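Structure first, commentary second.
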Amino acid sequence: MNYSEYKKIICAATDSECLKYKLAIAWLHPERIPVRITSMQNSSDIIIKIPCSVYNSFGVSVPVIAIGANAFKNCTSITDVILNTNIKTIESGAFSGCKALERIYIPKSVKLIRGRVFEGCTALKDIYYEGTLEGWSKLEKTTDHIEKEFGDLITGTPVQEIISEKLIRIPGNEALNLANIHFRCTL
């Protein structure tokens, strides 16, 4: 689907109200702490639009800055996800098992997509990215991990000798390479 068609869907969508949140970081003043999405309450929504901010238990409006680990895991009804411009991190397994997920809007504020985020998202066809190709290239997407095998300590030092290094492919984000990526998609 081209972006001008998809933009009509995005603009018509309302912020999802079925989401649960927790504090994103530990801080001295919990009433002002940004939050992350932890899960979705019982809902059959097919379009999930992440709000920019929510009211916390103190009645203060705080930004939603992350999608927590396994937040939408196995939510098989979701076809579209629209992330807000405050989101910075998508944690491990956030959308794993979302077999119906076809499209996702990712703002350029996202700096990290952890491993297994899109594991099992076999229907993912289009990624609409707010930034440029250069920005997409700089976005940290966990697909590999370097593992080192250590040997004996080097005499007279607290350092162990590296015997070998290997690059391990972490499954789960293949959908990022298989989907069509549309650049400069602004809301």
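Rule-based calculations on the coordinates, nothing more; no lab input. All of these numbers come straight from a predicted model, not from anything done at the bench.
A few remarks follow.
- Rg/Rh for the range 108-187 (Cα atoms only, Rh after Kirkwood) is 1.20.
- Under 15 Å, Cα to Cα: Lys pairs in the range 61-139, sequence gap 8 or more or different chains: 7
- Relative contact order (%) - the chain, alpha-carbon pairs under 8 angstrom, separation at least six: 16
- Percent antiparallel among DSSP beta bridges (both partners in the chain, rounded to 5): 40
- Listed by chain and number, the lysines placed with their C-alpha closer than 19 angstrom to that of LYS166 are LYS141, LYS148; residues fewer than eight positions away on the same chain are left out.
- Taking 0.36 nm per residue of separation and subtracting the current Cα-Cα distance, fully stretching the chain between THR76 and THR14 would add 20.3 nm.
- Counting only the Cα atoms, the chain fills a convex hull of 146 Å³ per residue.
- Overall form of the range 32-108: prolate. Here a/c, set by the Cα gyration tensor axes a ≥ b ≥ c, is 1.5 or more, and a/b is the larger of a/b and b/c.
- Gyration tensor verdict on the range 65-128 (Cα atoms; rounded if a/c is under 1.5, prolate if a/b is larger than b/c, oblate otherwise): oblate
- Straight Cα distances below 18 angstrom link LYS22 to the aspartates and glutamates GLU31, GLU91, with same-chain residues fewer than 8 positions distant left out.
- Relative to the current alpha-carbon distance between SER4 and GLU149, full extension at 0.36 nm per residue lengthens the span by 47.2 nm.
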